[in-house]
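These notes are about the structure you will find just below.
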Amino acid sequence: MTIEIASGAVLPIALCLGLLVGSFLNVVIHRVPLGISVAFPPSHCPNCEMPIKPWDNIPVLSYLVLRGRCRGCSTPISLRYPAVELVTGLLFMAIAWRFGQTWWTALHCVFAAALIAAAMIDFDHQIIPDGISLGGLALAMVVVPLTSAYYGTGWVDGLIRSAIGASIGAGVLWLVAFLHARISVAMGREFDHWPGVGESLPRPMEADYWLWFPGLGLGDVKLLGMIGAVVGVVGVLDTILASSVIGLVLGGAQALSKGALGEPFGFAPSIALGAIAGLFLPPLWLLTIF
């Protein structure tokens, strides 16, 4: 026996699912960079360590009922927690509206959740966990071809599309970073964080020569590889163009707010925004704007 869900019910279901996933993403964003299990210990207040009861852990609603404070010690709860939940819920609903009652909706919801986690972790710590980028890449290389085959495109075609998209996504950003490093060295430019105090510049026979760059982490390269595996060649090119523009805006805003240029900041938020925008806009949409 099968149960058909009316198309009108898909959006609220996607919203509720997204709110729940957003709640879990808050745990991932906080714990993964610290090397803490996302399952144990259960959610608790970081100040008084009181376990959070299920009725106090309802996405967004509990925050409003508790007026943004811990029930036990009244410590303020960051507004970012309900914000991540709400953004994830609305994004899941938008994806369901865009792709309908299909497996592509499920795939892109997982994709969006990974992007949110990567963006927030990079914003906080300037790192992108390999579990998100490389794990997402491996998953995409399996799931995207299977989904393509289910809808008649062909498993091999889907695999080729993902492989080329991943190669171009990672390859373009790696090439930009590599050339920037080589040009910087040739011009005698110096960076506080590269190569580091008391360390010499990497040489061609060393892995760091090919994988360690000033101003851009290898995590961004891996993340774009994952994105390319999901959205293909055109989608990842859109992402690169959009993230470059968004990065300039966000970087400029940070420079103005801190009153200093050259301060490091995570690039993953820009990449994530560009990739998500590409899900809803036509191919090469940025080129049509300019």
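The values are calculated or read from the model by the stated rules, or taken from the named source; none is laboratory data. All figures in this text were calculated on a predicted structure; none of them were measured in a lab. Cβ atoms come from the backbone with ideal geometry, glycine included; neighbour counts cover every protein chain shown.
Observations on the structure shown:
- Of all residues making up region 257-283, the number that are at pLDDT 75 or above, of a type outside the set (Ser, Thr, Tyr) and assigned to a helix (DSSP H, G or I): 12
So that you can scan it fast, the table gives a plain yes or no per residue for (1) surrounded by fewer than 16 Cβ atoms within 10 Å (Cβ to Cβ); (2) assigned to a loop (DSSP other than H, G, I, E, B); (3) out of contact with any strand residue (DSSP E or B) (no Cβ under 9 Å at 6 or more places or on another chain):
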| site | (1), (2), (3) |
| --- | --- |
| Leu11 | yes, no, yes |
| Val32 | no, no, yes |
| Val38 | yes, yes, yes |
| Ser62 | no, no, yes |
| Ser74 | yes, yes, yes |
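- Close pairs from region 149-175: first without any contact (Cβ under 8 Å) to a residue 60 or more places away in the chain, partner loosely packed, with under 15 Cβ neighbours inside 10 Å and part of a loop (DSSP other than H, G, I, E, B), Cβ under 8 Å, at least 6 apart: Tyr151/Thr102
Here's the yes/no breakdown for (1) at negative phi; (2) touching a residue at least 24 places away in the same chain (Cβ under 8 Å); (3) of a type in the set (Val, Ile, Thr):
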residue	(1), (2), (3)
Gly198	no, no, no
Ala229	yes, yes, no
Gly232	no, yes, no
Asp238	yes, yes, no
Leu250	yes, no, no
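- Thr75 of a type in the set (Val, Ile, Thr) and over 30 Å from Leu11 (Cα atoms): yes
- Residue list for region 100-148, restricted to those being touching a residue at least 60 places away in the same chain (Cβ under 8 Å) and not in a helix (DSSP H, G or I): Gly100, Gln101, Gln126, Ile127, Ile128, Pro129
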